[in-house]
Structures are given as C-alpha cells and as structure tokens.
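Colleague: Sharing a structure here in structure tokens format.
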Amino acid sequence: MLAYVVRKVLSAVPTLFGVALIVFILFNTVGGDPTYQMLGRHATAKQVAELRHEYGFDQPQYIQFITYLKQIVTFDYGRSYATKQKISDMILDGIGPSLSLMIPAFLVTTLLSLGLALLVAYFRGRWIDRTIVIVCVFGMSLSMLAYILFGQYFFAYKMGWFPISGYEPMWPERIQYLILPGLIFVAVSLGYDVRFYRTAILDETNQDYVRTARAKGLSEGRVYFKHVLKNSMIPILTNIVIEIPLLILGAFLLESFFGIPGLGSMTIDAVHNSDFPVIKAMTTLDAMLFIFGNLLTDILYTLVDPRVTFE
Amino acid sequence: MTTKTSDQNRNGVAGFGAFVSSHVVGKGLLRDAWIRLQRDKIALLCIGIVALYAAVALMVQMGWLATPWDEVVSGAYQPPSFASYKTILGTDIFGRSVFFKVLQGTRIAMSVGLVSSLISIPIGVCLGAIGGYFGGWVDDLVVWVYTTVSSIPNIMLLIAIAFLLGKGLPAIYVALGATSWVSLARIMRGEFIKHKSRDYVVAAESIGASHRSRIFRHILPNVSHFIIINLSIQFMTAIKAEVILSFLGLGVQGQPSWGVMIDDAKLELSRGVWWQLAGATVAMFFVVLAFNILGDSLRDALDPKIK
C-alpha cells in the first residue's frame, strides 16, 4: 500500500514539472514582456526599464523559470498588476466563497445523478429509461450560459425566489446567495453524469456475479446497492476527477454572473484587466488541483478495489 | 445477433433508434458502417442537420447569405415579426437583423470546429501513432506530453492561449487545436499498441515495409474510424468552447458569433429582449445535439467490437 502511494506520488512529479514548463513557456516566452501593455503607449524607456526590473523580465529565461518554480513551491506568486495585492492573499480570500458554492453543488450533483443512474439502470430499456436518457442528451446539448441566463432571469428576476446576485460572507446569510447558482450547476452537469454513471452501472449488471447474487435470492435493492454500486466505484471515482475542469468552468461563469467573490470571478477579472500574474497563478493552481485529484483517486482505487495494488 | 440489446443499453442511446447489423459482413469497415448508419434514421437526421449547418456556413462565407449583416433593417430592439425574413428573429440594439447574426454565427461556429480539427487531428494521430508504435522512451515522452497537457484544465489552457495570442478568431483556432488533440492521441496510442504485433503488420515487415509505411499505410487505415468518431465530439467541444471564450471577451471581435450574442443578451434580458439569446441558444442547441447523437451513432456503427 505504502509503496503504491509513494510510486504514485513520484509519478506525479514529472507531470508537475511539465505543467510548470508549459505555463512558463506560454506566459514568459510566448507572452513575452507585458510591460508595454501595462504602461500604455506613452511610457518612457526609463519607466519600462524600471517595471521590467521590478517583475524580473530583464533576467535571463532560465532564472525566470527558477523564480517561477520557487513561486510554486512557496505559494508566493507576487503581486497582481491590476490591484497590486498579493496574489496568495487574493487566492486565500477567494477559496472560501468558491468552495461554499462548489462543494455542496458537486455533492448534490453526484448523489442525485448516481441515484437517477441506478433508477434508469434498473428500468433499462423501458420507457422511463428512454425518457431520462433523451432528456439527458438534450440537457447536455444546451449551453451552460443558457442555463445561467434563463435561471437568473426567471427564478431570481421574474419570480423573485432568490437574490439576483450578491454575496454575504456571514453564515447563514451566505446560503441564500448560493442556492440558485448551486442548483444551476446541478442542472448543467446532471445530463452528462447520469449518462456516464448509467453506462458504468450497466457494464456491471451484465457481469456474472450479479446473476449469482440474484440466483442466491438477494433482493434487487441489495444487488444494486451492495454489489453493483460497489463494483462501479472505479469509473465513478474517475468521473469525479474528470469533473474538476467542469467545476472550474462552472465557478467562472456562476461566480461572475451571481457576483460571488470567489476564484472564478477573480480569474475573469484578471482576464479583463490583462492581469498576467493572476492568470498564470490560477492556471498553475488549477493544474495542481487536477494532478492532486488524480493522485487521490489513484489512492482511493486501492480502497475500493484491493486488486489495484498488485498492478 | 445476441448482444444487440445489451449494446444498445450500454451506449445509452437506445431511444434514438436502433441499427440492425445482422446482415452486414465483410465489405470493408467504412462501407459496413455506412450501411449500418443508413438504417439508423435518427443518425441520418443528425447528418442532415450537420450538413444544413455546414451549407449555411459555406453560403455565409461566400457572401451569398446574410450579407451585409450589419445593415440597419429596423428600429432598435424590435421584437420578432414576420414582416420581412430579416426581422423574423427581431433586431438588436443597433437595429440589425438578429436572424442574420445567427447565420453569421453559424459560419464562425462551423469554421472553429473545422479549423481546430484540422490542427488537432494530425497532432493527435501522429503523436499517438508514434508513441504506440515505437514504445520505449518515445512512448514515455508522448505519454508525458499528453498527461501534462491534459493536467491543465482545458478552460484555463484555452484562456491562457487565447489571451496570450491576442483576441480574435485565429487565437481560438490555435487554442482549441492545441488543447483538443489529447483524447485522440490517447486512443491512437492504445490502438497502435494493439495492432503493431498483429499478423498483417508482421507480414508487412517481412516483405520489407518501412516503419513509415507500416504506420501510415498498414495500421492507420485499420484504426482510422476512431478519427471519425473523434471528429464529431471535437466539433461539439469546439462549438461550445468558442461560445464560452467569446463570452469571456477572448473570442471573436467585431463579428457576430453565438457567444458574443449571448454576452449581449445578459444586459438585454431584464428589458424583455429575449430574441437574441433565444436565437443564438437554439441555433447552438440543435447543432450540438446533432453532434452529440451522431457521436454515439458513429461509435455504434464503426466500432467493430459490437459488429
């Protein structure tokens, strides 16, 4: 077990290095020197030189790369161009609102879609299965922006059930601002998830052990919840990691529409303000989150399926 | 065919029409697939929808349709009316035809799908083929490259590339092309590993076929159906991503695209102006739906495993 964990952690190191290299090449080599953009076209040579020195653009590329690696390790990404705040502080401020939106939304999505998937798998081929699958494919085809705009317009503006946008750091006041964006996230991701889990579960229901379980007289409920669900855990866990980018995109759009001051709004503001260091830091952190998520599922695999360790 | 029911259930599109493949044998992979696809009426309908969008895009590109789109056809924010075909979807803030903007948006969406596929498919096929075929350190390198690229959440990489290359359509092409080759490379690598030791490849080697000839003339035609399946998904992803990027202000500039129209709509809705949002959303919905279903049908028709 421990050897497996260590091996997995070590195997993430080259990936992390690769991510650092790609982000560095994008921002420091392709992106080049953003000082002119920051100072406007009337900047004097002296101003440009000072700013270049301040942000280290006068250093050779390999020094800049080492500086960037240091930033990753020490979680100190310097200051934002636009707000002059420390980026690490901005990120710490943004994590709370983002997590309080995305964690409940994600949990509800996963539980609801697993429940629906079990239901349609049980009724496979019947009208309820067909209807839900068709609804899912239709739902998957609609743009996330359409969900957000319609949801905000109809449920918040027209019906007045929720605040249109805004945020309150205090609990429980915070909750009322998070319900509608959370529900919209659930609606957006449900279609894909139900279909994915349905396939994963149906793959299992065709296995021999299910026939055996039925043959020895277990109830359908026990067959599904005890045997099938347990054995589908590997694709389910995998899907949860695959969803991380969707969570990030969801956070972008939902936070900016509903005025929630999380990491998504911060990134969108940075894009609008051409705030290089913030975008760079967020790209790095999101990639690290993804790698960490992958690592975590690799380790969780061993808990749901003891055979994994022997591979 | 005994596995038919379970396969349909597994792929989840049983509701969209079934194909019967009992009589299809031995006429070549693509012809078999085409015969099977012809029996799947819903898939044919989707091909029709995609063809219609492609035709509209082409006609707009040639200047035969929806030109000039920036002509003032009526007052600002006129609701849809059947007075003229130009106003069936109403007008925008400058009195321009929303219908024309939707058609122009079709051109952008289809061109983003096409150009990004033209960039990503060669990258994905070549990297996957080389890694899977040669193995060893070459394979390690290929796997490292695609693991790394796929570790950066797509939307962040898209934002970074589009942001750094400057706003506009070329940046979107490159950003989407550079990020979307990974899944194809992964599939190709797996297939090449499977195929490289098969008898027909060994036979080719024994009569002196070079590596290049074995990869491109012998193995590639046998795994090319994965490219077609991938193409459908790629188009769908590209269209969705273009809308998001344009919405974030990183996309198309000075031209109407569905994303730009949806972006405009966020300020219009509270004034009761729903037609710009509806036009762009509905136009996008049908083409994405068609690609979604087509992707599944193509997999059913082309994947020899379930023959």
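The values are calculated or read from the model by the stated rules, or taken from the named source; none is laboratory data. Here the structure is a predicted model, which is why all the values come from computation and not from measurement. Positions of Cβ are generated from backbone atoms using ideal geometry, with glycine treated the same way; all protein chains shown enter the neighbour counts. In case anyone asks, the SASA skips ligands and DNA or RNA and just uses the protein heavy atoms, side chains included. Shrake-Rupley method; radii C 1.70, N 1.55, O 1.52, S 1.80 Å.
Colleague: Need one number: nm distance between label points at B:Leu58 and A:Arg222, each 7 Å from Cα along Cα→Cβ, rounded to one decimal.
Modeller: If labels sit at B:Leu58 and A:Arg222, their model points lie 6.2 nm apart.
Colleague: Quantify, in whole percent, the carbon and sulfur part of the accessible surface of chain B (1.4 Å probe; protein heavy atoms only).
Modeller: After summing per-atom areas, the C and S share lands at 65 percent.
Colleague: Something else: State the percent of C-alpha pairs, over all pairs in the protein assembly as shown, separated by a distance greater than 47 angstrom.
Modeller: Within the protein assembly as shown, distances greater than 47 Å cover 17 percent of Cα pairs.
Colleague: Assuming a viscosity of 1.567 mPa s and a temperature of 4 °C, what translational diffusion coefficient in µm² per second does Stokes-Einstein assign to the stretch B:75-217, Rh being the Kirkwood radius over Cα pairs?
Modeller: For the chosen part, D equals 70 µm²/s.
Colleague: To continue, here is another question. Report the FRET efficiency, 1/(1 + (r/R0)^6), for B:Ser224 and B:Phe286, where r is their Cβ-Cβ distance and R0 is 25 Å, rounded to 0.05.
Modeller: Plugging the Cβ-Cβ distance into 1/(1 + (r/R0)^6) gives 0.35.
Colleague: What is the log10 of I(q)/I(0) for the stretch A:88-272, computed with the Debye formula using one identical point scatterer on each Cα and no solvent, at q = 0.09, 0.10, 0.19 Å⁻¹?
Modeller: Scattering profile of the stretch A:88-272, log10 relative to I(0): -0.40, -0.48, -1.20.
Colleague: Rounded to a whole number of µm²/s, how large is the Stokes-Einstein D of the stretch B:40-302 at 4 °C and 1.567 mPa s, given Rh as the Kirkwood radius over C-alpha pairs?
Modeller: Stokes-Einstein gives a translational diffusion coefficient of 64 µm²/s.
Colleague: State the extension gain, in nm to one decimal, for the chain segment bounded by A:Val108 and A:Ile164, taking 0.36 nm per residue of separation less the distance between their alpha-carbons.
Modeller: 18.0 nm
Colleague: Would you mind calculating the gained length between A:Ala82 and A:Arg52 on full extension (0.36 nm times residue separation, minus the Cα-Cα distance), in nm to one decimal?
Modeller: Roughly 9.2 nm would be gained on extension.
Colleague: What is the ratio of the Cα radius of gyration of the stretch A:123-199 to 2.2 N^0.38 Å, where N is its residue count, to two decimals?
Modeller: 1.36
Colleague: Using a 1.4 angstrom probe, figure out how much accessible area chain B has per residue, in square angstrom, rounded to the nearest whole.
Modeller: Per-residue accessible area for chain B comes out at 43 Å².
Colleague: Something else: Would you mind listing how long the stretch A:204-265 runs along its three principal axes, going by Cα atoms, in whole Å with the largest first?
Modeller: 56, 18, 13
Colleague: Given points 7 Å out from each Cα along the Cα-Cβ axis, report the B:Ala51 to B:Ser81 separation in nanometres with one decimal.
Modeller: According to this spin-label approximation, the distance is 3.8 nm.
Colleague: Determine by what factor the alpha-carbon radius of gyration of chain A differs from 2.2 N^0.38 Å, reporting the quotient.
Modeller: That ratio works out to 1.22.
Colleague: On to the next question. Write down the radius of gyration of the stretch B:197-307 and its Dmax, each obtained from C-alpha positions, in Å.
Modeller: 22.0, 74
Colleague: A follow-up question, please. Projected area of the stretch A:2-74, taken from the Cα convex hull and averaged over every viewing direction, in nm²?
Modeller: 5.8
Colleague: Where the centroid of each part is defined by its Cα atoms, how far is the stretch A:113-169 from the stretch A:250-292 in Å?
Modeller: What the calculation gives is 25 Å, centre to centre.
Colleague: Given q = 0.11, 0.17, 0.22 Å⁻¹, what are the Debye log10 I(q)/I(0) values for the stretch A:194-311, with equal point scatterers placed on the Cα positions and solvent ignored?
Modeller: Normalising to I(0) and taking log10 leaves -0.56, -0.90, -1.17.
Colleague: Still on this structure, please answer the following. Contact order normalised by length for the stretch B:40-302, with contacts defined as Cα pairs under 8 Å and 6 or more residues apart; what percent is it?
Modeller: Result for the stretch B:40-302 is 24 percent.
Colleague: Which residues of the stretch B:120-167 end up with at least 30 Å² less accessible area in the presence of all protein chains than when their chain stands alone, using a 1.4 Å probe?
Modeller: B:Trp144, B:Thr148, B:Ser151, B:Ile152, B:Pro153, B:Ile155, B:Met156, B:Ile159, B:Ala160, B:Phe163, B:Leu164
Colleague: While we're here: Along the charge dipole of the stretch B:153-307, Cβ charges K/R +1 and D/E -1, which of B:Ser180, B:Val201, B:Leu165 sits furthest on the positive end?
Modeller: Highest projection toward the positive end goes to B:Val201.
Colleague: Leaving out ligands, DNA and RNA, calculate the buried accessible area for the pair A and B with a 1.4 Å probe, summed over both sides, in Å² to the nearest 100.
Modeller: Interface area, both chains combined: 4300 Å², rounded to the nearest 100.
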